[in-house]
Amino acid sequence: MTSARDLLEQVRAQIKRVSTEEAAASNATFLDVREMDEYE
């Protein structure tokens, strides 16, 4: 059986990371879904 850690590593391998410059230049919309206590 695949562990949660293994699944997370598989998903992370599929995600393309971009720089802040690339993100700012894109036409994408970003939505912050953190809870209030997660960023204050």
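Miscellaneous remarks
- Condition met for ALA23 (in a helix (DSSP H, G or I), among the small types (Gly, Ala, Ser), out of contact with any helix residue (DSSP H, G or I) (no Cβ under 7 Å at 6 or more places or on another chain) and surrounded by 10 or more Cβ atoms within 10 Å (Cβ to Cβ)): yes
- Residues (outside any loop (DSSP other than H, G, I, E, B) and not acidic (Asp, Glu)) located in segment 9-20: GLN10, VAL11, ARG12, ALA13, GLN14, THR20
Bear in mind that the values in this text are calculations on the coordinates, not laboratory data. A quick note: this is a predicted structure, and the numbers were derived from the prediction, not measured. Virtual Cβ from ideal backbone geometry, glycine too; neighbours counted across all protein chains shown.
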